[in-house]
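Below you'll find the structure, written out as structure tokens, and then a few comments.
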Amino acid sequence: MQLQNIKLAVIGLGYVGLPLAVEFGRKRPVVGFDISQKRIDELRKGNDFTLETTREELAAAKHLTFTTNIEDLRACNCYIITVPTPIDDHKRPDLTPLVKASETVGKVLKKGDIVIYESTVYPGCTEEDCVPVLECVSGLKFNQDFYCGYSPERINPGDKEHRVTTIRKVTSGSTPVVADLVDGLYNEIITVGTHKAESIKVAEAAKVIENTQRDVNIALINELALIFNKMGIDTEAVLKAAGSKWNFLPFRPGLVGGHCIGVDPYYLTHKAQAIGHHPEIILAGRRLNDSMGVYVVSQVVKAMTKKRLQVEGAKVLIMGLAFKENCPDLRNTRIVDIVAELEDYNCKVDVYDPWVDKAEAQHEYDITPIEAPKSGDYDAIILAVAHQQFKDMGASAIRTLGKPGAVLYDLKYVLDPQESDLRL
């Protein structure tokens, strides 16, 4: 297959797939496929609920068409799969979306076709888990009738500076020729260039350790915050002082959620345990980061008790539900841990987030964010996400939402140290 002969399809039009399809759709014909008819209808109208692409960007992708009909994929010969790879309730990889997407592509796969995976997986998953599905459904033979590539996504939701075209892309292929073809394809849209890995497994491993490294580093800072809090030392002040050295890494404590950092390490540890190695540091970091929601609530309860505020029946406002600032992404948000822990104390919890979709929050977490908080209504306020709207409010306006003497916990260092009662 020659680069100019590629007829491209992108399978899965979420935070990863849509920006990719839009960029390719500026330059070549692309079929954007998703199983959600609602999603396709919205995109045809020029609306992207993820806010990763604008109406103008969608309109500029003149060669991009949207569909839920698998028959529209038959004319394609190169498929990029960009579906989620979550974990289940037991912290185990859930490959269901990946398997179903592979089954869909397998139904239209033809001799000479290429299937490229972008979903984050453990090393070996593409060839050990996905390829057998493609072979079984299509009846074709891997690396004889069809080929595979792997180019891990590096989307950063809500980041308008680092976009799909301006983040260097790792590429790989199941044969040297396919690796060159995959690399050439992505170089059509990646303005900062690509890194062609030696194999699919190397590319898979590179992706999964990117976020594992961040997770472990954040766990270290979280543990330091626990220590410094017990010592009465301001963690942010310590980090600023340490950051005056040129090679100190600027990590900050906090909740670790989202579609990558709080999930990807479990893919690596799953594979490590499958081959007989128990990963000590990675799992220790995961346990610590997953416990931070409980710790935050314990600090709030202690502060309320010191102020002689009744904890049981108290009304608490949580400002923010998205997993990060200035984006509507609710995937794996750890704010839910704070909500659950407060409810265990029989507190009445209001969640306020102007960014998120209320129906999605209700569906995913059984949490319905309020339209707006009432003044003077809360015994405690937790500033949990650093949305720009909250920064613009400032401490005085946020304080007016609480009753006299209410506890204000600044989880994200939005306020000056003296403006809140607690900081992580």
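With a Förster radius of 30 Å applied to the C-beta separation of Arg252 and Asn187, the computed FRET efficiency comes to 0.30.
Once C-alpha pairs closer than 8 Å and six or more residues apart are averaged by separation and normalised to the residue number of the chain, the relative contact order reads 11 percent.
Comparing Val294, Val202, Val238 in a Gaussian network model of the chain where C-alpha atoms under 10 Å apart are linked, the largest mean-square fluctuation is found at Val238. Share of carbon and sulfur in the accessible area of the chain stands at 53%, probe radius 1.4 Å. Working ranking of peptides 50-58, 229-237, 251-259 by packing, defined as the average number of other Cβ atoms within 10 Å per residue, highest first, is 251-259, 50-58, 229-237. Each of the peptides 336-342, 416-422 was scored by the mean count of other Cβ atoms within 10 Å over its residues; in descending order, highest first, they stand as 336-342, 416-422. Rolling a 1.4 Å probe across the protein heavy atoms gives segment 261-338 an accessible surface of 41 Å² per residue.
Peptides 368-374, 243-249, 143-149 ranked from most to least packed, by the mean per-residue count of other Cβ atoms within 10 Å: 143-149, 368-374, 243-249.
Converting phi to 3J(HN,Hα) with the Karplus coefficients 6.51, -1.76 and 1.60 and the offset θ = phi - 60°, segment 232-239 yields x, 9, 6, 4, 4, 5, 5, 5 Hz in sequence order, with x at every glycine or proline.
Per-residue 3J(HN,Hα) values for segment 27-37, derived from phi via the Karplus relation 6.51 cos²θ - 1.76 cosθ + 1.60 with θ = phi - 60°, read 10, 8, x, 9, 9, x, 10, 8, 7, 8, 5 Hz in sequence order (x marks Gly and Pro). Converting phi to 3J(HN,Hα) with the Karplus coefficients 6.51, -1.76 and 1.60 and the offset θ = phi - 60°, segment 347-357 yields 7, 9, 10, 10, 10, 10, 8, x, 8, 8, 7 Hz in sequence order, with x at every glycine or proline. Rolling a 1.4 Å probe over the protein heavy atoms gives segment 106-225 an accessible area of 39 Å² per residue.
Inter-label distance, Ile281 to Asp41: 5.1 nm, where each label sits 7 Å from its Cα along the C-beta direction. Taking a cut-off of 23 Å between Cα atoms, list the lysines near Lys307, but don't count ones fewer than 8 places away on the same chain. Qualifying lysines at Cα under 23 Å: Lys230, Lys315, Lys348, Lys374, Lys403, Lys412. With coordinates expressed along the principal axes, the C-alpha atoms belonging to the chain extend over 73, 48, 39 Å, beginning with the largest.
The values are calculated or read from the model by the stated rules, or taken from the named source; none is laboratory data. Predicted model, so just to flag it, every value in this text is computed and none were measured. Cβ coordinates were reconstructed from backbone atoms using ideal geometry, including for glycine residues, and neighbour counts include every protein chain displayed. For accessibility, only protein heavy atoms count, side chains too; no ligands or nucleic acids. Shrake-Rupley method; radii C 1.70, N 1.55, O 1.52, S 1.80 Å.
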